[in-house]
Amino acid sequence: MRYQRAELPLKLDGLASARDFFAGCFAEFDPRREILWVAHLDEDARCLHLSCHEGDEASAAFPVRDIVADALHHRSAGILLAHNHPSGDPRPSDSDCRVTRRLATAAEALDCTIVDHLVFGGGECTSLRQLGHL
């Protein structure tokens, strides 16, 4: 399922603004299901497009090909990712890190940067960039 917010262009120019925005996005969904949000940004960190990919209790879809196609279509300069862990553990899994690196490599071919990948769980948020994974 995909969404595009009407209040665009939203500016997501830092960890605090991204964390606050995505926390509100997750509030709209069942916290027992894993959800991936993808924000495509321009050079000034304004949101060009927002998509949502629903998963189940164990994982969310991470459609690398679709995300890269959207980046090409919207001419994204950056991509900001956020997903939740229904377990309540905000630490990224090995799989989270691997797929994020895979997406970063693909996006780099389009001169597009993965700005960050935030993992929400138990009322906390972890940044893969701050952990050194990006």
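Checking the a/c ratio against 1.5 first, then a/b against b/c, what shape does the Cα gyration tensor give for the stretch 12-89?
oblate
Please report, in debye to the nearest 20, how large the charge dipole of the chain is about its Cα centre when each Lys and Arg carries +1 at its beta carbon and each Asp and Glu carries -1 there.
That gives a dipole near 160 debye.
For the stretch 61-134, what is Rg from Cα atoms divided by 2.2 N^0.38 Å, rounded to two decimals?
Cα-based Rg divided by the globular estimate yields 1.09.
Show me the GluC sites (Glu not before Pro) within the stretch 42-125 that DSSP assigns to loop and that have at most 11 other Cβ atoms within 10 Å of their Cβ.
Answer in residue order: 43, 57.
Along the positive direction of the dipole of the chain (beta-carbon charges: Lys, Arg +1; Asp, Glu -1; about the Cα centre), which of 83, 99, 24 reaches farthest?
Value computed over the given set: 99.
When the accessible area of the chain is split by element with a 1.4 Å probe, what percent falls to carbon and sulfur?
Solvent-exposed carbon and sulfur of the chain make up 49 percent of the total.
Before rounding to the nearest 500, sum -39500 (n - 2.57) across all DSSP H runs of length at least 4 in the chain and divide by the residue total; then give [θ] at 222 nm in deg cm²/dmol.
Result for the chain: -9000 deg cm²/dmol, rounded to the nearest 500.
Under a crude label model (7 Å from the Cα following the beta-carbon direction), how far is residue 20 from residue 93 in nanometres?
The answer from the label model is 3.1 nm.
Among DSSP bridges having both ends in the stretch 20-118, what percentage is antiparallel? Round to the nearest 5.
70 percent
Using θ = phi - 60° and the Karplus form 6.51 cos²θ - 1.76 cosθ + 1.60, what ³J(HN,Hα) does each residue of the stretch 12-21 get, whole Hz, x for Gly and Pro?
10, 9, x, 4, 5, 5, 5, 4, 5, 4
The values are calculated or read from the model by the stated rules, or taken from the named source; none is laboratory data. Since this is a predicted model, take the numbers as computed values, not measurements. Using ideal geometry, Cβ is built from the backbone for each residue, glycine included, and neighbour counts are taken over all protein chains shown. These accessible areas exclude ligands, DNA and RNA; they are computed on the full protein's heavy atoms, side chains included. Shrake-Rupley method; radii C 1.70, N 1.55, O 1.52, S 1.80 Å.
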